[in-house]
Amino acid sequence: REAGYTTAFAGKFGFEVTDKPNAKGKLPESDFDRWGGGPGQTSYVTRQNKSMAHYADEYPHSTLSYGAFGRDFIRDAAKGDKPFCLSISFKAPHHPVTPDPKFDDIYQDSKFTKPGNFGREHGEHFSEQSRQGRQYTRFHEWKYSTDYDGVMAKYYQQIYAIDVAVGMIRDALADSGAASNTVVIYTSDNGFICGSHGYASKVLPYEEASRVPLIVYDGRHPTVGAERRCDALTGNVDFAPTILKLAGVDVPENMDGRSLLPLLEDPTTAIHESLPLINVWGPKEVHSLAVVTKDWKYIYWPYEEGDFEPTEELYDTANDPLELKNLSRDKSATTNLRRMQNVYDATLTRWRDNSVSYHGYPEFGIVFARNIRIDR
């Protein structure tokens with residue numbers, strides 16, 4: 001906005017903003033030219049979302065209301081002489097499962113193929129710590145074990161509604177004449193385990209929970225319309241510097257991520273040699289720190305109270321993408337284990353050296369130190 005953009009936000013903002021450590025913040029409504037956001041997860045019922053309630057009669061389910069918000073903002077912003085930046089954060093497909101009944105017939109009676117690592121028998125090699133959170137019990141509670149087709153039909157019904165909403169936004173770009181000068185980024189804040197290894201939900205450092213979609217459409221690029229795939233190692237920390245670069249705004253030096261724009265020119269470019277997967281949310285039993293390279297993943301589980309001991313896992317994700325074999329005790333993988341432990345230690349050192357001093361972050365620099373017993 002300070003750089004001259006007309007800005008808008010709609011959907012779940014997720015967290016409050018404050019410049020005072022440990023203080024309760026507020027939603028940054030006044031920082032945007034148009035606001036359709038809400039606190040926390042917001043509601044699937046449009047009328048219950050204060051800033052979006054005026055869409056409730058036509059779009060009672062929130063997913064399409066956000067599509068309408070984006071459509072209307074683009075129509076108005078495209079008439080002006082300023083560039084615009086729009087961000088929409090859909091609640092779907094977050095629980096509680098609440099698909100828009102408008103699309104009830106889309107996946108009705110559909111059958112879905114279970115992944116090759118589906119079920120508890122494919123999670124017996126996971127750490128005991130990983131079983132202490134709700135991700136383990138939800139395999140049964142959310143009926144992946146007993147009604148997989150029914151659960152997945154509702155899940156994909158919610159995704160379908162997002163596709164329709166995105167279509168509303170892209171149609172507005174085309175109709176306004178702005179499509180050829182606009183970048184569209186489609187991604188998610190987390191992946192989701194749908195019964196793999198006998199787990200469900202997110203948070204855990206396994207592939208299904210940590211991988212997210214990332215689609216970039218640049219209407220200005222000479223290859224626009226040509227699908228190009230890339231397997232470079234990237235993370236959500238890269239989104240902010242990428243967007244700032246696209247907008248012609250300087251990237252602050254203290255940002256952890258890197259711009260992904262080089263991948264638009266050469267999909268084989270390397271952005272990161274490694275990235276961390278951090279979970280310090282929820283019960284401390286399931287806190288974990290993992291590091292990933294393009295081909296390997298190392299996970300450290302520090303919880304060690306009672307009968308628990310710190311645990312490590314190692315996966316050759318290039319050859320074992322379903323994570324069916326933990327190689328941390330396999331002698332043939334010793335060299336790769338040591339290498340990934342070194343990557344982990346270097347990552348933790350950077351955390352200790354650069355973490356903020358509040359919200360308990362310095363403590364994790366100690367908690368995640370390998371083989372160090374501390375009294376919690």
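The values are calculated or read from the model by the stated rules, or taken from the named source; none is laboratory data. Keep in mind that this is a model prediction, so the values were computed, not measured. Here Cβ is always computed from backbone atoms with ideal geometry, including for glycine, and neighbour counts include all displayed protein chains.
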- request: For region 337-373, name all the residues that are touching a strand residue (DSSP E or B) at 6+ places or on another chain (Cβ under 6 Å) and part of a helix (DSSP H, G or I).
  value: L337, M340, V343, Y344, T347
query: Would it be correct to say that N279 is closer than 30 Å to N371 by Cβ, in contact with a helix residue (DSSP H, G or I) (Cβ under 8 Å, 6 or more places away or on another chain) and among the polar types (S, T, N, Q)?
result: yes
- prompt: Would region 154-172 turn up any residue that is free of Cβ contacts under 8 Å to residues at least 40 places away in the same chain and of a type in the set (S, T, Y)?
  reply: no
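Name the residues in region 38-79 that are under 21 Å from G4 (Cβ atoms) and either touching a Pro at 6+ places or on another chain (Cβ under 6 Å) or surrounded by fewer than 22 Cβ atoms within 10 Å (Cβ to Cβ) (or both), would you?
R75, D76, A78, K79
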- prompt: In region 1-35, how many residues are surrounded by 17 or more Cβ atoms within 10 Å (Cβ to Cβ) and of a type in the set (G, A, S)?
  reply: 3
- prompt: Which one of these does T113 not meet: (1) over 30 Å from S43 (Cβ atoms); (2) buried (at least 17 other Cβ atoms within 10 Å of the Cβ)?
  reply: (2)
- prompt: Has region 210-220 got any residue that is in contact with a Gly (Cβ under 8 Å, 6 or more places away or on another chain) and among the β-branched types (V, I, T)?
  reply: yes
task: Name the one entry in K102, K91, K111 that is out of contact with any strand residue (DSSP E or B) (no Cβ under 9 Å at 6 or more places or on another chain) and among the charged types (D, E, K, R).
output: K111
message: Residue under question is L260, and the condition is that it be surrounded by 13 or more Cβ atoms within 10 Å (Cβ to Cβ), under 19 Å from the mean Cα position of the chain (by Cα), over 24 Å from N326 (Cα atoms) and among the hydrophobic types (A, V, I, L, M, F, W, C); does it hold?
response: yes
task: With respect to I162, determine if the residue is crowded, with 19+ Cβ neighbours inside 10 Å, closer than 25 Å to N236 by Cα, at pLDDT 95 or above and among the aliphatic types (A, V, I, L, M).
output: yes
- request: Answer yes or no: is there a residue in region 80-96 that is closer than 28 Å to C194 by Cα, surrounded by fewer than 18 Cβ atoms within 10 Å (Cβ to Cβ), modelled with pLDDT under 95 and polar (S, T, N, Q).
  value: no
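Table: residues versus (1) surrounded by 15 or more Cβ atoms within 10 Å (Cβ to Cβ); (2) in the same structural domain as P83 (by TED's automatic domain parsing); (3) in contact with an Asp or Glu (Cβ under 6 Å, 6 or more places away or on another chain); (4) within 20 Å of G123 (Cα to Cα).
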| residue | (1), (2), (3), (4) |
| --- | --- |
| A240 | yes, yes, no, no |
| E253 | no, yes, no, no |
| N279 | yes, no, no, yes |
| E305 | no, no, no, no |
| F308 | yes, no, no, yes |
| D316 | yes, no, no, yes |
task: Taking D295 as meeting all but one of (1) crowded, with 19+ Cβ neighbours inside 10 Å; (2) touching an Asp or Glu at 6+ places or on another chain (Cβ under 8 Å), write down the number of the exception.
output: (1)
